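Shown next, in structure tokens, is the structure this report addresses.
The values are calculated or read from the model by the stated rules, or taken from the named source; none is laboratory data. A quick note: this is a predicted structure, and the numbers were derived from the prediction, not measured. Using ideal geometry, Cβ is built from the backbone for each residue, glycine included, and neighbour counts are taken over all protein chains shown.
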Amino acid sequence: MKTFGKMTEQGVKISPEGWAREFLLRQKNGLTGNIERSGEPFVSFGWDKINYGYAEKVPADWRWVEYEQVAYHLDGAVNCGNLLGDAELKKRTDEIIYAAIENTDGDGYIGPSFLKEAGKCNRWPHAVFFRAVIAKYYETGDVSLINKLVKHYLSDDPSIYFKGRNFVNTEIMLTLYSLTGNEELLSRAEGIYNAYHSDEEKDADYCSSYTLARRMLDGSSPYEHGVTYNEIAKIGAALYCATGNEAYLKPAVNAYKKIDRYHMLPDGLHSCNEYFRGKKPRETHETCDISDFTRSLCYLLKATGDGAYADRTEQCIYNAGIGSVTEDFKALQYFSGLNQIVADDFSNHNIYKRGSGWMAYRPGHETQCCAGNVNRFFPNFVAKTFMLSGDTIFAVFYNDGLITCDTGGKTIKIRQKTDYPFSDSVTFIFESNADKILNFAMRIPGWCKTPSAEYNGKPLEVKTKKGFFTVGAKFVKGDVIKLKLPSLPEVVPYGKNGVFVRKGPLLYACGCRGERIPTSLGGRFSDDFPAYKMYADKEWNYGVSPSEADPRFVFSEKAGYPWDIKNCPAAIEITARKIPEWKIEEKHKVLSFDSEDGKHRSVLKGRFSFTPDLPKGNFKTSDPERILLFPFGVCKMRISIFPKINL
């Protein structure tokens, strides 16, 4: 059996507690456990059905989309059920996966016959679905699942995967290689990688030349569909994990440096609607990218051992991720952004689908990829709380829970207790004895300049390597390590005329829960899973002068779910000034660019309310006042990029 990379989640079982478990329970009781409330294709369609029903109504060239969407949901549901130990979710996902896996062709092919044909993105949905199958294997240990996936790939013509998102199946081949040691899988994955990256002309439907290794290595700003770029760019890191060949890793590393340089937003996710759009304050991102970006970063983490990728992952999850869904996990945005103070049926201010409800919080949207994919980001994040590499246990993310690690035949149990990211203290309690010296590596985020640690009450000198601080010991039951990761609130310049406020991994916003009015537009509305028109229910039009801001952190012990603004224990008090002329942008006639090339234009007539851009030039302000900012994720209506006031 091969070790997949320097770090792996294989051999680690996570039993979440505290708010992380509550988040997963809300998923289970929300869309993850009731995905049919999102509407089609989730009502009448799935990988387990012989009569595909709804899919038959979709043009054959695009029918892969329905399989992608339900597979997204399934991957999230399997991991959510596994983390919770929830019998209901496990049974439901068992039925889907085993029905699909057992319905194979004679050559081992898994899936509907029309997806077997080469072309377009017909094999891309398999990569998504097989992630769920592999997650089911991790849960059950059923080797037959892995054997059937291996047979599926080895029976295929490799050239099927040379173009488009079909290429992402190499990720699954490499995971199967790590589990089986089958060298033919590795050989196929390398051959497909080299063939894909040698092709100058890419699939016009999704993949441009920006997804080629040579373009990832150059200094240009990528202009690409966000999901496509993330899914493809990470494959080099996966191949490096399997081979140690740095020629595969370098393009992947540089691909993410370019995202940071040209498109990264302060909430931890790059702009994407649907393509990369730069760093302007009013930019947004597609919810699908939360899952795909963070999953890709974790491949870079495993390949390089560099904790900076984990820093970026948690920043995206805590801000962009949690900020894109309602507290009960029953509604999501398709596009979400840094500044949004209106989210209704006509408030999408982006070029793509401008004037639509794609920024509204709904159980489902016109296109359902995000309704499926939103179920993945948090379970996949929690599942990587701890990782292993040889005799080293890595504490990668900080969530309450019991972690069970298999360290070469010996089971080690560690309980992690923390209020992170709202507080800066993390405690690790060893609940079993080690039979040898182990290295326990704790991530020290790059934003933490003065970390401290104690081992059984004795202070330790904290020295880091690639963002991790390591304690080596033959740990025994009752050993305690206490880690402190202090940070200060800071006001950070953004662009020419903006600033934002952050502390540790959290972006802070002038925000609120929002006034929520149920709407039936779009046909997705029920009393228990409503679609909303949402508006700011407090003053939001503030600017900030860095010279007078004086940000101060406020922590108050509160009971209840901390990602609901009424229970959130963390806030930042800051001096700000109102800008009376900064108001909602009202439009009665909107020129909308519905296509990426700008050639197909449509004039929408009606009344549209958009979140305004930052005011420019000289503007009047009111007297200074102290206001409270709250974490971005709890503010469903928010301003996080403030106009900069020059005093």
Across (1) touching a Lys or Arg at 6+ places or on another chain (Cβ under 6 Å); (2) hydrophobic (A, V, I, L, M, F, W, C); (3) not in a strand (DSSP E or B), ILE429 clears everything bar (3)
Please verify whether segment 519-533 includes one or more residues that are hydroxyl-bearing (Ser, Thr, Tyr), part of a loop (DSSP other than H, G, I, E, B) and within 25 Å of PHE619 (Cα to Cα).
no
Identify the single condition in (1) over 19 Å from ASN254 (Cα atoms); (2) not assigned by TED's automatic domain parsing to the domain that holds VAL128 that LEU217 does not satisfy, given that it satisfies every other one.
(1)
The correct count of residues that are buried (at least 24 other Cβ atoms within 10 Å of the Cβ) and part of a loop (DSSP other than H, G, I, E, B) in segment 636-647 is 3
For helices (runs of 4 or more DSSP H) lying entirely in segment 273-392, having 2 or more residues that are basic (Lys, Arg) and modelled with pLDDT of 95 or more picks out 288-304
Please indicate, with yes or no, whether at least one residue in segment 599-607 is over 24 Å from ASP424 (Cα atoms), modelled with pLDDT of 85 or more and basic (Lys, Arg).
no
Scan of segment 237-274 for residues that are in contact with a strand residue (DSSP E or B) (Cβ under 6 Å, 6 or more places away or on another chain) and of a type in the set (A, V, I, L, M), ordered by number
ILE259, MET264, LEU269
Which one is surrounded by the fewest Cβ atoms within 10 Å (Cβ to Cβ) among residues in segment 435-481 that are touching a residue at least 40 places away in the same chain (Cβ under 8 Å) and among the small types (Gly, Ala, Ser)?
GLY478
Of (1) surrounded by 24 or more Cβ atoms within 10 Å (Cβ to Cβ); (2) at positive phi, GLY323 satisfies every one except (2)
Count of segment 490-502 residues which are under 25 Å from the mean Cα position of the chain (by Cα) and either of a type in the set (A, V, I, L, M) or buried (at least 21 other Cβ atoms within 10 Å of the Cβ) (or both):
5
Whichever residue in segment 182-213 is under 29 Å from the mean Cα position of the chain (by Cα), polar (S, T, N, Q) and at pLDDT below 95 and, among such residues, is surrounded by the most Cβ atoms within 10 Å (Cβ to Cβ)
THR211
In segment 152-168, is there at least one residue being without any contact (Cβ under 8 Å) to a residue 12 or more places away in the chain and small (Gly, Ala, Ser)?
no
Could you go through segment 476-483 and let me know if any residue there is of a type in the set (Gly, Ala, Ser) and either on the phi < 0 side of the Ramachandran plot or modelled with pLDDT under 95 (or both).
no
Flag if ASP537 is over 26 Å from the mean Cα position of the chain (by Cα) and free of Cβ contacts under 8 Å to residues at least 40 places away in the same chain:
no
State which residue is modelled with the highest pLDDT when the search covers only segment 14-51 and only residues that are out of contact with any Asp or Glu (no Cβ under 8 Å at 6 or more places or on another chain) and among the aromatic types (Phe, Trp, Tyr).
PHE23
Taking interchain pairs and intrachain pairs at least six residues apart, which have beta carbon atoms under 8 angstrom, with the first residue in segment 12-41 and without any contact (Cβ under 8 Å) to a residue 12 or more places away in the chain and the second surrounded by 18 or more Cβ atoms within 10 Å (Cβ to Cβ) and hydrophobic (A, V, I, L, M, F, W, C)?
GLU36/PHE42
For segment 142-166, which positions are modelled with pLDDT under 95 and within 28 Å of the chain's Cα centre (by Cα)?
TYR161, PHE162, LYS163, GLY164, ARG165, ASN166
Keeping to segment 609-635, report how many residues are crowded, with 17+ Cβ neighbours inside 10 Å and outside any loop (DSSP other than H, G, I, E, B).
9
For segment 219-268, please list each of the helices (runs of 4 or more DSSP H) lying entirely inside it that holds at least 2 residues being under 22 Å from LYS280 (Cβ atoms).
226-233, 246-263
In the set GLY504, GLY522, GLY514, GLY498, which member is at pLDDT 95 or above and more than 20 Å from GLY321 (Cβ to Cβ)?
GLY498
Which residues, taken from segment 561-581, are β-branched (Val, Ile, Thr), in a loop (DSSP other than H, G, I, E, B) and more than 32 Å from the chain's Cα centre (by Cα)?
ILE579
Do the conditions hold for LYS136, that is, is it surrounded by 15 or more Cβ atoms within 10 Å (Cβ to Cβ), under 27 Å from THR228 (Cβ atoms), basic (Lys, Arg) and free of Cβ contacts under 8 Å to residues at least 40 places away in the same chain?
no
The helices (runs of 4 or more DSSP H) lying entirely within segment 98-217 that contain at least 2 residues which are over 28 Å from ALA77 (Cα atoms) are 183-197, 213-217
Would you confirm, using the coordinates I've provided, whether LYS302 is of a type in the set (Lys, Arg), closer than 24 Å to GLU366 by Cβ and more than 16 Å from the chain's Cα centre (by Cα)?
no
